[in-house]
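Just below is one structure, and these are the notes that go with it.
The values are calculated or read from the model by the stated rules, or taken from the named source; none is laboratory data. For clarity, every value in this text was computed on a predicted model and none was experimentally measured. So basically every Cβ, Gly included, is an ideal-geometry build from the backbone, and we count neighbours across all protein chains shown.
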């Protein structure tokens, strides 16, 4: 089993343009995501549209960048898997600067024969901890069954159609109303304060959640943006 992490990124985000290159504790936000993903010990590749590849490569020297169709996320994952000669691929999005590297590592180690392990349906983890681990052979077979209009949101399509998957849930109380993703300026303000507290450390998921619970004044900054149920039907 060879696994690669694909960080799905693009520059033309509508709500906060070029957010993946916004400064976050002295590094582009995307570089911080890659840094956290590398803490798993797995290879990491950025997956982006062709028009964004040069700017991203310049901003993240030394990081593999693989370009693919902007709205065909399924193909972009398969291209990353082919580039890395991987049997499994982890999908992480470019708006998750607190991606839970410890949870990803545990999911990969415990995947077994499941075609997919995911942690956002049902949603119990904070918004911004989302990831999936996919068997590449399953993705290849899946593509042959799907219509092209479903390629962009293929993961949601799979869960809507109840394809086999292993759901991970938060061991403590439900944290779906804790917003740690970055779509708006106030989201970026929240994660900047968390990074200021972390310094150069890479906190595990439990440490991040604990700090957020101890600082409700920070979490109030983007509370009006909480939409933790998005895409997370049971």
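With respect to residue 77, determine if the residue is in contact with a strand residue (DSSP E or B) (Cβ under 7 Å, 6 or more places away or on another chain), farther than 29 Å from residue 199 by Cβ and not in a strand (DSSP E or B).
Against the criterion (in contact with a strand residue (DSSP E or B) (Cβ under 7 Å, 6 or more places away or on another chain), farther than 29 Å from residue 199 by Cβ and not in a strand (DSSP E or B)), residue 77 qualifies.
Looking at the stretch 16-34, which of its residues are out of contact with any helix residue (DSSP H, G or I) (no Cβ under 9 Å at 6 or more places or on another chain) and under 13 Å from residue 188 (Cα atoms)?
17
More than 14 Å from residue 167 (Cβ to Cβ) and either in contact (Cβ under 8 Å) with a residue 60 or more places away in the chain or assigned to a helix (DSSP H, G or I) (or both): which single residue out of 98, 103 fits that description?
On the way: 103 fails: more than 14 Å from residue 167 (Cβ to Cβ).
Result: 98 is the single residue among 98, 103 that is more than 14 Å from residue 167 (Cβ to Cβ) and either in contact (Cβ under 8 Å) with a residue 60 or more places away in the chain or assigned to a helix (DSSP H, G or I) (or both).
When the residues of the stretch 34-68 are narrowed to those that are part of a loop (DSSP other than H, G, I, E, B) and touching a residue at least 40 places away in the same chain (Cβ under 8 Å), which ends up surrounded by the most Cβ atoms within 10 Å (Cβ to Cβ)? Don't jump to the end; show me each part of the working.
Here is the first cut: in the stretch 34-68, the residues part of a loop (DSSP other than H, G, I, E, B) are 39-42, 49, 60-63, 68.
This time we only want the ones that are touching a residue at least 40 places away in the same chain (Cβ under 8 Å), so: 39-42.
Numbers: 39: 17, 40: 22, 41: 10, 42: 19.
Only one residue fits best here, namely 40.
Report whether or not residue 187 is in contact with a helix residue (DSSP H, G or I) (Cβ under 8 Å, 6 or more places away or on another chain), assigned to a helix (DSSP H, G or I) and modelled with pLDDT of 95 or more. Steps first, answer last, please.
Values: in contact with a helix residue (DSSP H, G or I) (Cβ under 8 Å, 6 or more places away or on another chain): yes; assigned to a helix (DSSP H, G or I): yes; modelled with pLDDT of 95 or more: yes.
When the stated conditions are applied, residue 187 passes them.
May I ask you to list the residues in the stretch 144-163 that are over 21 Å from the mean Cα position of the chain (by Cα) and part of a helix (DSSP H, G or I)?
Once the filter is applied, which keeps residues that are over 21 Å from the mean Cα position of the chain (by Cα) and part of a helix (DSSP H, G or I), the stretch 144-163 yields 144, 145, 148, 149.
Taking the stated definitions as given, is residue 200 under 23 Å from residue 42 (Cβ atoms), in contact with a strand residue (DSSP E or B) (Cβ under 6 Å, 6 or more places away or on another chain) and not in a helix (DSSP H, G or I)?
Against the criterion (under 23 Å from residue 42 (Cβ atoms), in contact with a strand residue (DSSP E or B) (Cβ under 6 Å, 6 or more places away or on another chain) and not in a helix (DSSP H, G or I)), residue 200 does not qualify.
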